[in-house]
Amino acid sequence: MRRETICFVLVILVITILTACGGGAPTPTAKPEPTTAEPEAPQQVTAGMKTYGDHCARCHGANLEDGFAPKLSKPALVKYGTAQRLFDYIRQTMPRGNAGSLSDQEYYDVTGYLLFQQELLEPDQVVSADTASSITLSD
């Protein structure tokens, strides 16, 4: 009899705990939007954000400035003068130890992402072989 009472009390205790803790299946939560690119960002910026995360963030940091590699701040990017010069530098030197390993499109996407993040690119601009030379970088 004593064993049945203990089992009964344990079942009641478990039910009480589950009820108090919301014992059902967890409510799905909305996936947060990326904080580093606006939801309405151009497709190139979104693609560049992914490439940056895959190949650049480990050295330059998730927010472009908190890694051990040089900061990718607005003043640092402006020094290149045009998007084409920045693209050329990135393609010739990055990723460190594996320069030129990405496709030209990935390099253009990363360049567009960096410029967009530092407000050096208009929302409707796309960095490409046809446009990069005409995109001037200035504060």
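Do we find that Tyr89 is in a helix (DSSP H, G or I) and either modelled with pLDDT under 95 or under 19 Å from Glu119 (Cα atoms) (or both) in this structure? Considered against the rule, which asks whether it is in a helix (DSSP H, G or I) and either modelled with pLDDT under 95 or under 19 Å from Glu119 (Cα atoms) (or both), Tyr89 comes out as no. Would you point out the residue of segment 108-139, among those that are part of a helix (DSSP H, G or I) and in contact with a Leu (Cβ under 7 Å, 6 or more places away or on another chain), that is nearest to Leu72 (Cα to Cα)? Only one residue fits best here, namely Leu114. In segment 84-103, the residues that are over 17 Å from His60 (Cα atoms) form Cβ pairs under 6 Å with partners that are assigned to a helix (DSSP H, G or I) and among the hydrophobic types (A, V, I, L, M, F, W, C), at six or more places apart or across chains, as follows: Gln84/Ala132. For segment 52-105, taking the residues that are exposed (fewer than 14 other Cβ atoms within 10 Å of the Cβ), under 22 Å from Ala129 (Cα atoms) and among the charged types (D, E, K, R), the one that is nearest to the chain's Cα centre (by Cα) is identified as Asp104. For Asn98, the criteria (1) touching a Phe, Trp or Tyr at 6+ places or on another chain (Cβ under 8 Å); (2) not in a helix (DSSP H, G or I) hold in every case but one, which is (1).
The values are calculated or read from the model by the stated rules, or taken from the named source; none is laboratory data. No experiment lies behind these values; they were computed from the predicted model shown. With ideal geometry, Cβ positions are generated from the backbone for all residues, glycine too; neighbour counts draw on all protein chains shown.
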